[in-house]
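FYI, it's all coordinate maths here, none of it is from the lab. Model, not experiment: these values are computed from the prediction. Note that we place each Cβ from the backbone using ideal geometry, even for glycine, and neighbour counts take in every protein chain shown.
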Amino acid sequence: MLEAALGSVATTAITAKSTQLTKLYAGDVIKNEFVRETERLRLRRVTIRDLGGNKGRLEQQPGLEGAKARNVQASDVLSEGEQTAMGLAGFFTEATFDTTRSALILDDPVNSLDHRRRTYVASRLVDFAKDRQVVVFTHDVTFAGALLQAATKQGVEVTPRSVERKGDVPGFVRHALPWKAKDFAARLTQIELELARLTRQRDDLGQDDWDKAVGSWAGDLSELWESCVNSEILDEVYDRGTAQVRVMKFRILSAVTADDAADFQAGYGACSMWARRHNKAPETNYVAPEPDEMLAEVERIRAWQKRVKKYRD
C-alpha cells in the first residue's frame, strides 16, 4: 500500500509531460529566436542543444552545430568577444519572450565587442525600450553615442545621466551626457546655447575676457568639425573596431566634392584661428570674432553635415 501511495504522488510523470510540452511548444520557438539573435550578432553555427528533462538539470544549453566531439562546449571554442555576444543573444531571447515587460538593466554590456556588434546591441536595446524601461550603465562613450543615435533614429526618448568627480569627491550626477559622449546634434545644440549666452554677455565683457570666451567656444566647434568628418565619412568607410575597410562604402569618398572640401577648410580654419591653442603673434593683429561671425560658422557646419550625410544614402 505504501508503494502504491508513493507511486501516486511521484513527479516522474509530471516531469516527462513537462519535457514533452517544452519540446513541443517552446523548444523550437526559443531555439529559432536564439539562432536569429546569434546571427544578428555575427555568430555562426551557434545553436541551442536539448539536454533532456532530467530533474535538476538544464533543459537547454548553447552548443555548436557540426561539432564532432560531443563534449565540446561553446565556451571552449568561442573567443571572449564571441562569448559576450552569445550571452547577449541569450539575454535578448529571454527578454523577447518576457510578457511582463519588466525593466532591463545592463552594466557595460558591450565589453570585448567590436564596432558592428556594439552598433547592433545599441539598436536592439532601443527596440526593447519601445515598450519597457531599459537602463544601461556604461563608461564606453562610443557605445553611449551609438545608443543615442539609435534612439534618435527610432524616435525613442532617452533620459541621459552622467556621474562625475569634482576634485577628489566622486558621485555627482548631471542630467546630461559628457561632451565627448554626445552626438553631432547634441554637441551642436550645446554650442548654440553657449553662443546665445555669450551674445547676451558681450557688452559686459572686456576684450581679454571676450577673447578667452571665444577661444573656448571655438575649441568646441573645432572638435565638432573633427567628429563630424569621422561620423559622416571616415567611420562609414573604415571600422576602427575591427580594422575592416568597407569597400562598398568607397562611393562616399567619391561623392565629397571640391566645394565640400573648401567649405570644411574654411570652417575648420576659422576655428583654428579663434581657438586658444596657439599664441597669437602681435604682428597678425588678431581680433576675436563677434557673435554674428560665430553664428555664420554654426550655420556653415550645420549645412555641411546635412549635405554630406546624404552621401551615405
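For the residues PHE184, PHE97, PHE91, what sequence is obtained by ranking on other C-beta atoms within 10 Å, fewest first?
PHE97, PHE91, PHE184
Fewest to most neighbouring Cβ within 10 Å: what's the order for TYR120, TYR311?
Listed from fewest to most nearby Cβ atoms, that is TYR311, TYR120.
In segment 183-312, with Lys and Arg counted as +1 and Asp and Glu as -1 at Cβ, which of these residues, GLY215, ILE252, SER231, has the Cα nearest the positive end of the dipole, that is, farthest along it?
ILE252
Excluding residues on the same chain fewer than 8 positions from LYS309, give the aspartates and glutamates whose Cα lies under 13 Å from its Cα.
Within reach: GLU232, ASP235, GLU236, ASP260.
Mind putting a number on the dipole of segment 160-313 about its Cα centre? Charges go on the C-beta only, +1 for Lys and Arg and -1 for Asp and Glu, and I need it in Debye to the nearest 20.
780 debye
Roughly what % antiparallel, to the nearest 5, for the DSSP beta bridges in segment 100-180?
Around 50 percent of the beta bridges assigned by DSSP in segment 100-180 are antiparallel ones.
Count charges around PHE128 for me, please; just the other residues with Cβ under 10 Å from its Cβ, Lys/Arg as +1, Asp/Glu as -1.
Value of the local net charge: +1.
Quick one: dipole size for segment 95-246, taken about the Cα centre, charges +1 on Lys/Arg Cβ and -1 on Asp/Glu Cβ, in debye to the nearest 20.
Approximately 560 debye in magnitude.
Taking other Cβ within 10 Å of each residue's Cβ, how do ILE252, ILE105, ILE48 sort, fewest first?
ILE105, ILE252, ILE48
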